[in-house]
1. Contact list please: Cβ distance under 7 Å, first residue in the range 108-119 and assigned by TED's automatic domain parsing to the domain that holds residue 95, second residue of a type outside the set (A, V, I, L, M, F, W, C) and part of a helix (DSSP H, G or I), pairs at least six apart or on different chains.
2. Just to confirm my filter: which helices (runs of 4 or more DSSP H) fall fully inside the range 1-65 and include at least 1 residues that are surrounded by 12 or more Cβ atoms within 10 Å (Cβ to Cβ) and in the same structural domain as residue 117 (by TED's automatic domain parsing)?
3. So which residues in the range 89-133 are among the small types (Gly, Ala, Ser) and either surrounded by 13 or more Cβ atoms within 10 Å (Cβ to Cβ) or part of a loop (DSSP other than H, G, I, E, B) (or both), if there are any at all?
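The values are calculated or read from the model by the stated rules, or taken from the named source; none is laboratory data. Predicted model only: the values in this text are computed from it and were never measured. Cβ placement follows ideal geometry from the backbone for every residue including glycine, while neighbour counts extend to all protein chains displayed.
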Amino acid sequence: MARDARTSRVDLYAEIRRDAKAGLSKRALQRGPHGVGYRTVAAALESAWPKKPKSPPKRGSRLDAYRDVIDGWLRDDLDAPRKQRHTAKRIFDRLLEEHDAARIVSYGLVRDYVATRRREIRIKAGREPANTFIPQTHCRCGPFQTSVSLCSRLSGICWAPQPRAIMRTLIADPGQSSR
């Protein structure tokens, strides 16, 4: 009985382990009911969970040959006036004209690379701050002494700034008693 293509590897490993406990040898497990190789049987007996498949090695981009050239142009743009800096379109056109990159790189590839790399170069040169997370608290909550209709009480009140209003809004906690 050959292995069913719809059987998951976890189920297959469980069947192999069950049959091995029943007394079948490794060779019998390979040839007999499961129809798998010796590596699969060894892996199933080693662990109940299959190992994750190896990811293929990362292949290079078609843009790799031109990265140094583009980075040089972007570094030169740090000192250039704003209107004279290279746009992604201008970098793409220069690659086609000066480096004969037609049919090798596309505009979208150059545009995406320039969008990320320009910012990295500006940060490395100290011209732009890196993104940092600064936690902000917009609501100061806590028990405050308040006076409502001439009655003083201890309640939970929150100052909540409104985005389009100049004034802040008082929000009372509805769980507080009105006494």
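1. Partner pairs satisfying both residue conditions: 117/71.
2. It comes to none.
3. 101, 102, 106, 125, 126, 130
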